[in-house]
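Have a look at the structure below before the remarks.
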Amino acid sequence: MLVRKVPVFVPASPWGLRLPQKFLFLLFLSGLVTLCFGALFLLPNSSRLKRLFLAHRTQQPGLEVVAEVAGHPLAREQESPPNPAPAVPAPGEGDASSQASTRRRKVWLRRTHPTGTREMATVARSSGSTALRPQEGGIPFSFDFNAFRSRLRHPVLGTRADESKEPQSLVRAQREKIKEMMQFAWQSYKLYAMGKNELRPLTKDGYEGNMFGGLSGATIIDSLDTLYLMELQEEFQEAKAWVEENFHLNVSGEASLFEVNIRYIGGLLSAFYLTGEEVFRTKAIKLGEKLLPAFNTPTGIPKGVVNFKSGSNRSWGWAMAGSSSILAEFGSLHLEFLHLTELSGNQVFAEKVRNIRKVLRKINKPFGLYPNFLSPVSGNWMQHHVSVGGLGDSFYEYLIKSWLMSAKTDVEAKDMYYEALEAIETYLLNVSPGGLTYIAEWRGGILDHKMGHLACFSGGMIALGAEDAKEEKRAHYRELAAQITKTCHESYARSDTKLGPEAFWFNSGREAVATQLSESYYILRPEVVESYMYLWRQTHDPIYREWGWEVVMALEKYCRTEAGFSGIQDVYSSIPNHDNKQQTFFLAETLKYLYLLFSEDDMLSLEDWVFNTEAHPLPVNHSDSSSRAGGRL
Ligand code: DMJ
């Protein structure tokens, strides 16, 4: 073994320095260099310099964002540090100029929201003007939040005309009751499951599930806008603080593109548009980037599952043996992705969904119908199963809502919607011997005479679209919407709990009831009250509030537990067997639609907002399209 002898002394260098001294000198030098370079990053407003050092610059702002954020693997994975310092201090905490700007904003808010006083307080306190410019660690693209808000036709929360007229009205008390339910659902979640995706109210713990790729806090993000809308300000601040401090995107599991999009992206986008809080915009865009690998397929039709770590994608194993993408999944991205482009300047999001539209436009449709399974490789339908319930539902919803969100400029979406509706009417619509109108499911020409609970959203959708149909069809669609909604109400009314089953049939004399236990459950779903809300807004027929109130009473009686709300396993048993799950959509959708049903029409006015399929409000594009970021909303 060779043993090296340690020298007794080190010879001096030509400058008279010994080795330890040289080492110290070098250490000092490298420290100095690090300090200078670090200053570049620490100095305020260094984002321009950072750009110079960290990315290729391009001339087009949109592409700049692609190069810097989407294209850079590190940037894609990177997260803002937890608990970032607020860019604008809260009123009273900042310097004179920021206080002046807060004052200016309050004046502006007073002008644009003359009677929405509480909403004004929330927006002013929470955001100041943070959304007006990019922040450190944020997205290098500015969105003019003030201009956006000034284009809305109504105060976001309405004028509360009813409150000033009848402060003690029954409707107000009903609304307050629904607010209390939301508060209870939130408090229970907070107490037993804060940060987890869902609350399990019986076991009093949290549940992560496997749909979100390791992302947490689905209930929090799904609840943000409902809390805001109900003016549960303390709870909203708790939710926001969690997003700021604990909502991390550097996760590495497999996620459902659809679920992450409708719940997380939808929830964050709405929270941003309601409050102007930069954190929601930044996280929505960064999360949107993590979904993009799902689109890496020969046709550009995304696969259902994306791996956040490897960026690989796959179809669900149950979707024609892993060969198909699902219509409702790839067809329910349009609204959110256009808003991601709008808020980031990054064209990639809009391009992805426009390509989906192009493929669907071109492909041959059997009898004008859209089957539920499509190969993302060949672009061919894989099975002729058509449904307005599960697997198909929100595709149709997003067509009519794309038209409405574009301020009625996306004519292609409108045409596709009415053509699809015609085909559905011709081949799927039925009236039972007992006189109930329902939309059946179609399997290559053979009908299953059943409707899923999910399909009950269609009453609301058809009502929403009725006004823009050809004149001779308008009254017909209004009536059709009312009839379908009535059928869905029957599915509730014919159960012992007055809650509806997961699926109900129209067979052999039994109508609008489930025929087996495996279809008799109710998991706090929103679709029926969603339709009540749209029908109420369209007709003001008091029956919809009556029916909505029946649901409130039933939820209280059969689904409320000591520690939150739970689904039940059999709507035909008045002794509830709870499923131990408080679904995130109960807070995002069911309670929100109920609350809106008992509110004035100008609260989240349909002139200004469309609801994504998870009930997250996204704004209608009222602006001149030439001034937009190019998302053509
Ligand atoms: C929600 O996540 C959405 O409404 C989706 O479109 C369908 N299912 C649930 C609620 O039932």
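The values are calculated or read from the model by the stated rules, or taken from the named source; none is laboratory data. Quick caveat, the model's predicted, so the values are computed rather than measured. Cβ placement follows ideal geometry from the backbone for every residue including glycine, while neighbour counts extend to all protein chains displayed. With ligands, DNA and RNA removed, areas are computed over all heavy atoms of the protein, side chains included. Shrake-Rupley method; radii C 1.70, N 1.55, O 1.52, S 1.80 Å.
What the table shows:
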read-out: Contact order relative to length of the range 412-517, as percent, for alpha carbon pairs under 8 angstrom and 6 or more apart; value: 22 percent
read-out: Ranked order, Val386, Val171 - accessible area, probe 1.4 Å, largest first; value: Val171, Val386
read-out: Euclidean distance between Cα centres, the range 461-504 to the range 356-388, Å; value: 26 Å
read-out: Average Cα contact separation per residue, the range 521-584, under 8 Å, 6 or more apart, as relative contact order %; value: 36 percent
read-out: Residue-level accessible surface for Tyr207, protein heavy atoms, 1.4 Å, Å²; value: 80 Å²
read-out: Computed accessible area, Leu374, all protein chains, 1.4 angstrom probe, square angstrom; value: 0 Å²
read-out: Solvent-accessible area of Ile356 with every protein chain in place, 1.4 Å probe, in Å² to the nearest 10; value: 10 Å²
read-out: Solvent-accessible ranking of Val377, Val305, largest area first, probe 1.4 Å; value: Val377, Val305
read-out: Sites matching trypsin sites (Lys or Arg not before Pro) across the range 361-448 that sit in DSSP coil, with at most 15 neighbouring C-beta atoms within 10 Å; value: Lys408
read-out: Cα shape, the range 251-297, gyration tensor, a/c 1.5 rule; value: prolate
read-out: At most 12 other Cβ within 10 Å, DSSP loop - GluC sites (Glu not before Pro), the range 444-490; value: Glu467
read-out: Probe 1.4 Å, protein heavy atoms only - accessible area per residue of the range 401-554 in square angstrom; value: 37 Å²
read-out: Sequence ranges 140-146, 322-328, ranked by mean other-Cβ count within 10 angstrom, highest first; value: 322-328, 140-146
read-out: Ranking by accessible area, most exposed first, for Met320, Met405 with a 1.4 Å probe; value: Met320, Met405
read-out: Protein accessible area in the range 478-547, 1.4 Å probe - carbon and sulfur %; value: 49 percent
read-out: Shape of the range 183-245, Cα gyration tensor, a/c cut at 1.5; value: oblate
read-out: Per residue, in Å², the accessible surface of the range 580-623 once ligands and nucleic acids are set aside, probe 1.4 Å; value: 14 Å²
